[in-house]
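Structure record follows, encoded as structure tokens.
The values are calculated or read from the model by the stated rules, or taken from the named source; none is laboratory data. None of these values were measured; they are calculated from a predicted model. Methodologically, a virtual Cβ is constructed for each residue, glycine included, from the backbone with ideal geometry; neighbour enumeration extends over all protein chains shown. All accessible areas refer to the heavy atoms of the entire protein, side chains included, with ligands and DNA or RNA removed. Shrake-Rupley method; radii C 1.70, N 1.55, O 1.52, S 1.80 Å.
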Amino acid sequence: MLKILYVEISIIGIVILLAIRFYLRKREYTKDLDKRTFKWLIWSDILILIFDAITWVMDGLEFSCSEELFLVSMMIYYCLVPLPSLFWLLYTDVKLHADQQRLKRLLILYSIPCVISTILVLTTLKTGWIFTIGSDGVYYRGPYMVVIILLTYVYLGGALAMAIRERCREKNPDRIKVCRYLIFFPIPTIILSFVQVELYGVTLIWICMAVSLLIIFLNVQSEQISKDTLTGLLNRGYLDSYLDRILTTSKGRPEVRAKYFAMIVDMDDFKQVNDTFGHVEGDKLLVAAANLLKQSCRLDDVVTRMGGDEFFIIGQRDNRDEVLCLRDEILDNVRLYNERSNEPYSMCMSLGFAMLDKQIKRPDQFITAADINMYRNKEKKKANN
């Protein structure tokens, strides 16, 4: 009865992971490095669930070549054990650092525990260190089986430490959210792996990992829904909810409200770039503008694309002079971009900002206040020209 239960649990995990993988394939989710790594993580857990189910079925069965087949299944199973944790460490590294060259440099180091684990498994045929299969066709743990588990802790613990370290350093609220779900993932798996070591015959770690991957997947989808697909900035939907949250949390706290500013950035003559050079060049200019704004702002500023050629920045500064400094820094960076660019067009921006004063009660009033000042800036530039 216990065998059937664990096989059913493995099948449920496989179905969950295959459903995620099928969805991601339909969404063409495999272009970026983090998404490819997440795909490998899913496949590694699917494979280990499959062989976990096979070993449960074969444990104690006797038929022609049953011992050999069971031995091969156990060997493959234990060789696979560190892989999901390795891919989780790789995924964590990519999500936090987004540096492919860094990952290539560290890949050999990251592979060491997996290589050690594989050697131990392959030599267990002679040593019996990891497992043995008795003459009755029953699986028995070896004296050093716990080493395989400890090697997986190296990966899970390393990923957890990396995520906690970045969370302590991070100020951007969206990056903090990413750190939080990266911290969450290894904890249930580590706890259940202790249970699995202590209680012989209990196998819950891989279904737990499948459920954790489902939660991560839902978080990633939520993250994607809030992003503008072209520029990678947060979108208008996120902006509206963020403004609502600010107005709610700062209610009755004038010292907090007074520090918030909203800045609208409008691309001048953008339609002319589209009409003259085509929409591909227009998109390239929008991406360049988005990157320039992110580089000009603080990490805890929220930079969004409102739509079309308009961007919106919201953050906190101690006074208007500091917001003026941000505006001037953006314009200086625009000037530097145009000096260094070889494009046949220039980047031009009109900016306007407003502080969150006590007269502002709704998000649209905050946006309108900044919008009015942006159009004043645009009209002033036209008059000067």
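Points to keep in mind about this one:
- Computed from the C-beta positions of LYS284 and GLU255, the FRET efficiency with R₀ = 41 Å rounds to 0.45.
- In this calculation the C-beta distance from PHE63 to LEU125 is compared with R0 = 25 Å, giving a FRET efficiency of 0.75.
- Label-point separation in nm, ASN291 to CYS168, each point 7 Å along Cα→Cβ: 3.3
- Where the chain is the region considered: accessible area per residue in Å², 1.4 Å probe: 51
- Estimated inter-spin distance, TYR375 and ASN338, nm [label 7 Å along Cα→Cβ]: 2.4
- Residue among TYR155, LEU49, ILE367 farthest towards the positive dipole end of the chain, charges placed on Cβ: ILE367
- Pairwise Lys count, segment 166-296 - Cα closer than 26 Å, eight or more residues apart or different chains: 17
- Taking 24 Å as the straight-line reach from the Cα of LYS104, the lysines in range (excluding those fewer than 8 positions away in the same chain) are LYS31, LYS35, LYS39, LYS95.
- Per-residue ³J(HN,Hα) for segment 283-297, Karplus 6.51 cos²θ - 1.76 cosθ + 1.60, θ = phi - 60°, Hz, x for Gly and Pro: 5, 4, 5, 5, 5, 4, 5, 4, 5, 5, 5, 4, 5, 7, 8
- For the set VAL265, VAL138, solvent exposure ranked by accessible area (probe 1.4 Å, protein chains only) runs largest to smallest as VAL138, VAL265.
- Estimated at the nearest 10 Å², the accessible area of ARG327 is 80 Å² with a 1.4 Å probe.
- In degrees, nearest ten, helix 205-225 long axis to first principal axis of the chain (Cα): 10
- Computed on segment 1-140, with alpha-carbon pairs under 8 angstrom and 6+ residues apart, the relative contact order is 26 percent.
- Cα convex hull, segment 114-218: 110 Å³ per residue, rounded to a whole number.
- For segment 15-21, backbone phi angles converted through the Karplus equation (6.51, -1.76, 1.60; θ = phi - 60°) give residue-by-residue couplings of 4, 4, 5, 5, 5, 4, 4 Hz, Gly and Pro being listed as x.
- Here segment 172-301 is treated with +1 on each Lys and Arg Cβ and -1 on each Asp and Glu Cβ, and its dipole about the Cα centre works out to around 520 debye.
- The largest accessible area among LEU106, LEU299, LEU96, LEU18 belongs to the first residue in LEU299, LEU18, LEU106, LEU96, and the rest follow in falling order (1.4 Å probe, all chains).
- Its alpha carbons give the chain an Rg and a Dmax of 27.4, 94 Å.
- Sorted largest first, the spans of the alpha carbon positions of segment 6-125 along the three principal axes are 51, 34, 18 Å.
- Debye-sum result for segment 240-385 in log10 I(q)/I(0), which assumes one identical scatterer on each alpha carbon, at q = 0.09, 0.15 Å⁻¹: -0.29, -0.77
- For the chain, the relative contact order comes to 14 percent (Cα pairs under 8 Å, sequence separation of at least 6).
- Calculated FRET value between VAL15 and TRP40, using beta carbons and R₀ = 22 Å, to 0.05: 0.70
- Portion, in percent, of the accessible area of segment 263-385 that falls on carbon or sulfur, probe 1.4 Å: 47
- Take every Cα pair under 8 Å whose residues are at least 6 apart in sequence, average their separation, divide by the length of segment 274-350, and the relative contact order is 24 percent.
- Shape of segment 199-254, Cα gyration tensor, a/c cut at 1.5: oblate
- Distance between segment 24-84 and segment 211-241 - C-alpha centres, whole angstrom: 30
- Folded to 0 to 90 degrees: helix 66-80 orientation relative to the chain principal axis, Cα: 30
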